[in-house]
Structure formats: structure tokens, C-alpha cells
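Here is the structure we will look at.
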Amino acid sequence: VQKLILLVALFWIVGCAQSPAPVDGGDPGLAEEQNSSSPLPGEAEGLVDAPPTGVRGYGDEAWRRQGGLEARLARDVRPARCADFLRTLTAEAHPPGSDANRRIGRNVAELFKSWELRVRTDTHEVLVPTPIQVSVEMSSPYAFAAEGKEPPIETDFDTQSKQTLPPYAAFSPDADLEAEVVYANYGRREDLALLRASGVEVKGKILLCRLGETYRGSKVWLAERAGAVGVLLYSDPADDGFARGEVHPRGPFRPEGGASRGTILYTFLRPGDPGTPGRASLEGAEQLTFDEMETLPRIPATCLSFADARPILEGLGGAVVPETWRGAGPFTYHFGGDGACVTRLEIAMDYRLRPIDTIVATLPGTDLADQEILVTCHRDAWTHGAIDPGSGHAVMLEVARLLAARRDDEDPLRRSVRFLSFGAEELGLVGSTEWLEQHRADLREHAILVVDLDATISGSSFEVDGSSSWRQFTENVGTFAPEGREARMRFGPPRLDADHAPFLAHLGIPALSIGLRGDHGLAHSRYDTFSALRKHLDPNFGRHARVAEFVARLVARAANADILPRDFGALADDILNRIDLAEAAHPELDLAPLRDPARELKASGQRLEVAREELLQRGSIDRDFAREIDAIGRRAEALLVFDEAKRFWRHALHAPDPARGYLGFPLPSLEAALGRGRTEAQREGARLAQRFGVLAAEIESLTLRIEGVLKK
Ligand SMILES: [Zn+2]
């Protein structure tokens, strides 16, 4: 009966949420869209159901309270607020290290303060390159000088902004050189191999690579190792331009004049400020010399629009490329290498230490305040940055507003939530890495989950990538389908391309990256504006609101769980799957010894889940015991990180592949060891097996303890 009353009450609340709510300022055009984000009836129903509907970590009593809280969050989310935040965030171009980025940071801090969060600013001094001169001039077969500018669009005011930096590659060394150009497709390892096989010399050449498929820094790294003297990175319309769909201002794809700026820092070796590896770059910190910085590229590179790359592509001679190498230009693509195409590359950068700010806003929890959930997004943008990162930042601010408003409820959040606005992600995860290095000990002790929201609204496919041990928890929060299309959440392995990566792969803190993703061609161009986002991706800000609602629920659910529902069975499946993949790639290795501890982990993990839920169903769980179970779980997850001073990426499952940049191998340390020979790889396999064994033993002993309590 009690349940029925609650159901009725909840439907009433949800019903109210569907009628128009008062407009709280913002864009008048958005007013009628106020509540496009209210929960679907099915979702609402799921909320009040007690376990076992799939929700884990809650006893009946706590879950009833949580159902009410989540309904209030869903009721209070406001698309117009998201629009307001995005306007504030995109008011001017604000690249990392700029005064504009600090100004916007202060505005973000003021917003956090207005919701009575505890706000602090952590400032780091990091190396920031700013272009003084970038010029690309072809002298043969005919003369052509690249514009190096993206044409403004009359109907989109922000594309006319004068402060926007020209297209460039951050961390390129200075250069003044002339060399022959060779087309290298995406500049991947296999592309360079094909050039070699085709008899096209790379040594001493400037490689012209299209962006896409791999991290741009990986392209430069491979080119450098192959002996190339420079790299031109261009956007081919086949990848994100007219061949994919209408271009801005008619659609979300890249105009021919659009370029994609970005960093080429060798983040796959180590992210963060190149001058202060392993330590926080606080004011006055000891800096390496340029020669000592191992993550700086040694050959110059810059970024070009298709309009600027086209004459060079057309100037290339040599053999015709294979079909998979062809872009969408209306001409025949050639390798070059016949001496016909010669280009001069001149680059001058202003390298300087500049202050960057991380805004930290804390919503303190109650009885579990020492456990912290981090919600993160970077603030810096190459241009005005509406999609990247503005949309994610707007969602983060709305989540902060929603959760802060609940602090005066009867049941405020039990665990603490920290919102982090980082100041220099685009340079190579610099803000998050330096902040992590400053607070390493604290994070190890208190952080339980990282939720990153970078470029959150870039399409309509609901995607989460993150730690497998948190997959079930995340999927239980629900899914939604923008435009009413059947859309399930797609949960994938972590991509190490945003600010959650250092927390996960350096400290072993589980992480999720959440967003509505899709194809577009505005990234890192001056066309990534408020008006472009609104026109092409989220006209009424309903998508922002839906994601904000989802994240607010997810964070609140993690904050209030009786016991955090870490899923070690799923983690074991993930590990077993990785062993299969590694074995298929390297049949010469004997990986059987890794499988036994992984199977043991799976068995104990599944028993742990059953025992934990049974304990919760008995009600009145001993809070100290619950706290201890959480602490053991947190330490167990961190066991997948090796304690190595030299390597930054030291997680057994998550580390980037240098040749690809964001993505890693199934067992990255094994792959790295293979480079040093089979014996080394076998030794690394034994080390992994040993570590999986320790993890399995921890979970087994925790399971036995809970089972023991249940028997009493
Ligand atoms: Zn971003």
C-alpha cells in the first residue's frame, strides 16, 4: 500500500513537471520548451520500484527516498538555464592560457557561489604556445600561399570575432624550412607502411596528412620517427565536410574554409605541462629546459583547412593513391614523392608560462562527506567553443544548480560532490593533470568516481564510455531517445581523450564520460559557436536538459547509495575479454595464467553482488560496515594501477597506444613489453596475472566477510 501511495504521489509530481513551469530568465525563444526534459512515464515508474529491478546498492528505505529526490531533479531541470550558461561560456574566444579564459572562469566561480557551493580556485603556471606567425607556401609546381584564416560567416556573428587565433598546432617547434610534400592519408602506422611498400620516401619530406582516425599528435610522432621534417594536418571533406552533409551555416559539417586547431603534444607518453612531469606546476615550480621536455614534438606541424590544402594536394605528382586513401576533393589524389611539389613551412611561436585556473566547487555531503564524486569539464576552447567544451560545461553547471538546490532537503546528499572547471584541456589534458598532481594523495583517499562532460552535446546518439565496473550502475539510471527515436545508451570502453583519463589511468579512480554524440565538422574551428550549436544540434536546449537530468540522477544515486554497487563480475568479464583479444593478436604468447585469477575474480564478484544486495534487503545495515565495504572496493579498483614512478599511464587496462593516441591495446603494458621482446612480454604477463590474483583475493575475502554476517 505504501508503495502504491508513493507511486501515485510520484505520478502527480511528474504530471506537474509536464505542465508549463515559470520561465526563469534566459532566451525568450526557449520559454515554450521549458520541460522537454521531464521523465518519460516508464522511467518514472522505474524510479519508485524497490530493488531488485536492477538498481543496486540501495536498501528499500533509501531507495524510496532516492526515488523522490530524482523526481524532484527531473522536475527542476531547465533548458533555458542551460542556454543561459552556454551564452556566458561562449561570450568570447577563450583559448587555454588567455585572459578571456580566466574571465570566464571567474564567471563560472560566481555561478557556483550563487548556489552556495564552497568555491576555490587552484592556479597553475604552465607552458602555453601562442602563434606569432604560421605560413605555408608552395613554390612548385606553382606558387600558392595558404590563407591561414577561416572566412567569417555573415549570419553567424561569433565567427567574425577578431580574437580567435588562426589555425595552428599547439607545441609545434619554430621552423623555417622547405621540403617536398608527400601525401600520407591519415598518417597512421599502416599508412606509412604503405608509402614504404610503394617506394615513396618519407625521410626529409613534409607529410600532408588528413585529420581523423587517430590523434593528431600521434601522426606527428610517427612522422618524426620516420624521419619526416614537418607535418601538415588538414581536414578532408570526406571525413567531416561536404561529403558527409550540409556544411555550416546550412548544416553541422565543416565548410571548406574550416580548419581544426589542436595540440600535438605527445600526451600518450605523458599528459600535462611538459615542463613539470610528475609534479604540480605551481608558481615557481622547477621547469625542465626545452631539450629535456620529452613530450614536445621535434618536427614542426600546422593545421590547414581543405581550401588551403587543396592546391597542395592538386600539386602532388607521383603514383595515384589506392581507393581508401582518396578524399572527397574533385581531383585525383597522388602520393607525391616525384619531386614536383615543394612547400615552405614557417612557424614562429611565443612560448610562455601562463596562469591557468581550475575552479573547484564543493557540495559537501553529510555522513559520508569524505567520499567524493568528481564532475569535470574543461572550460578552455580553441575558439568560442559552444560544442567543445561549452555544451558539457553548461550541463555541468545545470547539474550543480540542481544538486545544490537539494541541500536544504530533508535528505541532502550523503557523499560530497566536487565540480571541476579545468583551464587547459586542449593543450593536452594540462589543467586536469596538474590539478591531479597537486592533489594526488587527497584523490587517492577520497575520490570514488569521475564523471566527465566534455563536448557533451555533439549529436543525438547517447553514449557513455567508462569503467566496466560502473556500467550496470550507469545503465540503470536509464536511457533516453532524442527525437523520439529508439536509442539505447551505448556503453563503451574509456577513450583517453578528455579530463577523466588521468584520474582513471594514473590513479585508478573509475570514470565515466557522458554525452549525446554524433558526426559534425565544427570541432576546433571558428564555426563552433552558440548559434551553430543551437541551429544544428539543440534548437530548444532539450538535449542539454536531458543529459543534465541524467547526470544529476546518476551523481545523486552514487552519492546516496547505502553501499556503492561496484561490479567486479563485469570488471572480470572485461579483463577476460581483453585476454582473449591479446591472445588472438599474439598467439605466440601463453596468456592462460592470466585467465585463472580473472575467472576467480568473476566468481567472487558475482557472489559479492548477491551477498551485498541480500545484506541491503535485510534493512538497517550497520553504517560502519557499509563504509568499510566501500573503502575495500575503492582500494580494490585502484589495484589495477601499478605503482611506477616513471610511467604516467600505468593502469593494467587503460593506457593510450602512441600510434593512435586516444585508444589503447586490450592489455597495454603487455603490448609495450612486447616491443622489448617475447621474454619481457611473458614476464609482464606474469606480473599482470599476479596483480589480477591479488584483486581476486581481496574481493573473495570481502565476499566471505559479508556472507559471514549474513549467516549470523
Ligand atoms: Zn573538449
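Please treat every number below as a calculation from the coordinates, not as lab data. Just so it is clear, the model here is predicted, and its values are computed rather than measured. Counting neighbours? That spans all protein chains shown, and the Cβs are built from the backbone with ideal geometry, glycine included.
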Item to check | Cross-link reach list, aspartates and glutamates versus residue 602, counting only Cα pairs under 18 Å and skipping chain neighbours closer than eight places | outcome: 567, 573, 574, 580, 613, 637, 698, 700, 707
Item to check | Reach of residue 203 by Cα under 20 Å, taken over lysines that are not fewer than 8 positions away in the same chain | outcome: 219
Item to check | Rg/Rh (Cα only; Kirkwood hydrodynamic radius) as it applies to the chain | outcome: 0.98
Checklist entry - What is the spin-label model distance, in nm, from residue 110 to residue 320 if the labels are put 7 Å beyond Cα along the C-beta direction? => result 6.1 nm
Item to check | Estimated vicinal HN-Hα couplings, Hz - segment 447-464 in sequence order (Karplus 6.51, -1.76, 1.60; Gly, Pro = x) | outcome: 6, 10, 7, 10, 10, 9, 10, 4, 6, 5, 10, 10, x, 10, 9, 7, 10, 10
Next on the checklist: What are the ³J(HN,Hα) couplings of segment 475-480, residue after residue, when phi is run through the Karplus curve with 6.51, -1.76, 1.60 and θ = phi - 60°? Round to Hz, x for glycine and proline.
Outcome noted: 5, 5, 5, x, 9, 8
Item to check | Reference-scaled alpha-carbon Rg (2.2 N^0.38 Å with N residues) for segment 177-254 | outcome: 1.21
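Quick one: compute a quarter of the convex hull surface over the Cα atoms of segment 631-712 and quote it in nm².
On the way: hull surface 26.7 nm².
Over all viewing directions, segment 631-712 projects a mean Cα-hull area of 6.7 nm².
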Checklist outcome for this item: Scattering profile of segment 580-638 from the Debye formula, Cα beads only, expressed as log10 I(q)/I(0) at q = 0.12, 0.13, 0.17, 0.22 Å⁻¹, is -0.48, -0.53, -0.72, -0.94
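When the helix-only estimate is applied to the chain (DSSP H runs of n ≥ 4, each -39,500 (n - 2.57), divided by the residue count), what is the mean residue ellipticity at 222 nm, nearest 500 deg cm²/dmol? Each step should come with its number before you reach the end.
Values: 21 runs with 272 residues, N = 712.
So the calculated ellipticity at 222 nm is -12000 deg cm²/dmol.
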Checklist entry - On the first, second and third principal axes, largest extent first, how far apart are the outermost C-alpha atoms of segment 376-511 in Å? => result 44, 43, 29
Checklist entry - lysines near residue 535 by alpha-carbon distance under 29 Å, same-chain residues fewer than 8 away left out - which ones? => result 149, 162
Checklist entry - If contacts are Cα pairs under 8 angstrom and at least 6 residues apart, what is the relative contact order of segment 642-700 in percent? => result 18 percent
Item to check | Per-residue Cβ neighbour rank within 10 angstrom, fewest leading, 76, 191 | outcome: 76, 191
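So for 701, 620, 416, fewest C-beta neighbours within 10 Å to most, what's the order? Working shown, then result.
Working: 701 11, 620 7, 416 22.
With the sparsest Cβ surroundings first, the list reads 620, 701, 416.
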Checklist entry - For residue 526, which sequence-distant residues (separation of 5 or more, or a different chain) have an amide H within less than 5 Å of its own amide H, given hydrogens modelled in the peptide plane? => result 259
Item to check | Most to least packed among 282-293, 140-151, 606-617 [average Cβ atoms within 10 Å] | outcome: 606-617, 140-151, 282-293
Item to check | residue 210 long-range amide H proximity, modeled H, under 5 Å | outcome: 184, 185, 186, 187, 234
Item to check | Virtual spin-label span in nm between residue 444 and residue 460, 7 Å along Cα→Cβ | outcome: 4.8 nm
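Using the Cα gyration tensor of segment 501-621, with a ≥ b ≥ c the square roots of its eigenvalues, what is the shape: rounded (a/c below 1.5), prolate (a/b larger than b/c) or oblate (neither)?
oblate
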Item to check | Placed amide H near residue 319: partners under 5 Å, 5+ positions off or other chain | outcome: 335, 336
Next on the checklist: Output wanted: per-residue J couplings in Hz (rounded whole) for segment 661-667, from phi through Karplus 6.51 cos²θ - 1.76 cosθ + 1.60, θ = phi - 60°, x for Gly and Pro.
Outcome noted: x, 9, 9, x, 7, x, 10
Checklist outcome for this item: Given a Förster distance of 60 Å, the FRET efficiency implied by the Cβ-Cβ spacing of residue 65 and residue 133, rounded to the nearest 0.05, works out to 0.45
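For residue 184, what is the net charge nearby, where nearby means another residue's Cβ is under 14 Å from its Cβ and Lys, Arg count +1, Asp, Glu -1?
Working: positive: 188, 189, 196, 203, 205, 210, 216, 219, 225, 326; negative: 180, 190, 191, 201, 213, 224, 236.
Cβ neighbours under 14 Å give a net charge of +3.
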Item to check | Spacing of the two label points (7 Å from each Cα toward its C-beta) at residue 149 and residue 580, in nm | outcome: 5.6 nm
